[in-house]
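Undergrad: Got a structure here, written out as structure tokens. Questions coming.
The values are calculated or read from the model by the stated rules, or taken from the named source; none is laboratory data. This one's a predicted model, so the numbers in the text were calculated from it and none came from an experiment. In this analysis, Cβ positions are derived from the backbone assuming ideal geometry, glycine residues included, and neighbour counts consider all displayed protein chains. Keep in mind that these areas ignore ligands, DNA and RNA; they rest on the heavy atoms of the full protein, side chains included. Shrake-Rupley method; radii C 1.70, N 1.55, O 1.52, S 1.80 Å.
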Amino acid sequence: MVSAVGNQIKDIFSRSDRNIWLVVAFSIFAWAPLLTPVYFLNAHDAKHSVFFLVEFDQTFRDGYLWPRWAPDFAFGYGYPLFNLYAPLAFYAAELFVLVGSGFVTAVKTMYILATILAGLGTYGFVRRLFGPTAGLLAAVVYMYVPFHLVEIYVRSAYAEFVSLAIVPFVFWSFTELVAAPNRRRVALAGFAYGLLALTHHTSFFTFTPLIMAYILYLILVKVKLRLAALVKHVFYAAAAGTLGLLFAAIYLIPVLVETRDIKIEPWTRGRYKYFQHFVFFSQLVERGGGYGYAGPETLDDFSYQLGIVVYLLVIFGLIVSLKYHYPHRTTAGFFIGATLIAILLMSPVAEPLWQVIPIASLVQFP
């Protein structure tokens, strides 16, 4: 599997163009504030990002190569934090701590690398579908879309932010797999999918339906109604998904089996009740924002706007796709449709659906 990933990366950079370096250059404005000596401790989970890494480092140095227990939490009684909170982002930050970096610097460094990785992954994925110019534009938009920046500077949702850098690679790897199935691409797609699960479980569970729908769409477009080809492609895609689940089993099995032994009600009551945090359509376009927390209904003190540039680019993309015949024009339509569905799922309109989803309460913030 590692060999397959290495060969794929080598293949990507052997055909590299200047747009890769443009993506890195354009990313600077998104992460440059992190180079200042101060740390934004007033961001929602900024302290947690550092405290979790401190606990991870202590447990790791004590000889537990797969940390599960945070010994200093719960007033010194300890808490099975990494049983429930995917640890991969902290493994990555721990690499910098082990070579002498401070905890805050390690977290900041990972924010920078995740921003760049998100841009490069989006560039590769969209270039695969629409060409290098569209890939460059998509990469910049993804790095600067308002909520992506909110994730760093307002929410400081460290593991979640790192997972958003992996998502484009999951879509990219499954696109390549459906286009030309083979064992190497099964390994790569499974590896990317497993990384997502090991990085942030909520992102993994919420993105999985979209990933599955996208794979099914690609297969149906490619093979149409040819039964033998359909079975072949479904088999390869299922193999990659299964491989990803097996790769992440060391984390997923304890989450599924042992969560019933954990008192999770504090995460789902009070201000964490998901039905208090639906996003109203007006909030998707309102300007401004803030650095506070999500409140009930419209009493929110930070921005949910999608961004005026995003709206303009969607309109532009629709006009262009109607005029020109791109190879994957229907794929653009798929993602526009998926975006509209996601917006509806975030809104109060979808509350009846959320009430019947078993794990909806653990999502907390639609």
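Undergrad: Would you be able to say whether some residue in segment 283-296 is at pLDDT 85 or above and not in a helix (DSSP H, G or I)?
TA: Yes; the residues of segment 283-296 include at least one that is at pLDDT 85 or above and not in a helix (DSSP H, G or I).
Undergrad: For PHE247, are the conditions met, namely being under 20 Å from PHE365 (Cβ atoms) and either loosely packed, with under 13 Cβ neighbours inside 10 Å or of a type in the set (Phe, Trp, Tyr) (or both)?
TA: no
Undergrad: Tell me the residue from VAL162, VAL221, VAL178 that is open to solvent by less than 20 Å² (accessible area, probe 1.4 Å) and over 25 Å from LEU53 (Cα atoms), please.
TA: VAL178
Undergrad: Do you know which residues across segment 81-106 are surrounded by 23 or more Cβ atoms within 10 Å (Cβ to Cβ), at pLDDT 95 or above and in contact with a Leu (Cβ under 6 Å, 6 or more places away or on another chain)?
TA: PHE90, ALA93
Undergrad: Which one of these does PHE51 not meet: (1) open to solvent by 50 Å² or more (accessible area, probe 1.4 Å); (2) assigned to a helix (DSSP H, G or I); (3) modelled with pLDDT under 90?
TA: (3)
Undergrad: Considering only segment 226-244, state which residues are open to solvent by 60 Å² or more (accessible area, probe 1.4 Å) and either under 17 Å from ARG184 (Cα atoms) or at pLDDT below 90 (or both).
TA: Within segment 226-244, ARG226, LEU227, ALA228, LYS232, VAL234, PHE235, THR242 qualify.
Undergrad: Quick check on my filter: what residues within segment 74-110 are without any contact (Cβ under 8 Å) to a residue 24 or more places away in the chain, of a type in the set (Phe, Trp, Tyr) and in contact with a helix residue (DSSP H, G or I) (Cβ under 7 Å, 6 or more places away or on another chain)?
TA: Selection gives PHE96 alone.
Undergrad: Test of understanding: among VAL314, VAL310, which residue is more than 20 Å from ASP45 (Cβ to Cβ) and either in contact with a Lys or Arg (Cβ under 9 Å, 6 or more places away or on another chain) or open to solvent by 50 Å² or more (accessible area, probe 1.4 Å) (or both)?
TA: VAL314
Undergrad: Working only within segment 317-335, note down all residues that are open to solvent by less than 60 Å² (accessible area, probe 1.4 Å), part of a helix (DSSP H, G or I) and modelled with pLDDT under 90.
TA: Hits for segment 317-335 are GLY317, VAL320, SER321, THR331, ALA332, GLY333.
Undergrad: Just to verify a result, which residue in segment 17-48, among those that are open to solvent by 50 Å² or more (accessible area, probe 1.4 Å) and polar (S, T, N, Q), is modelled with the highest pLDDT?
TA: Selected residue: THR36.
Undergrad: Please determine whether any residue of segment 111-125 is in contact (Cβ under 8 Å) with a residue 24 or more places away in the chain, assigned to a helix (DSSP H, G or I) and under 28 Å from LYS263 (Cβ atoms).
TA: no
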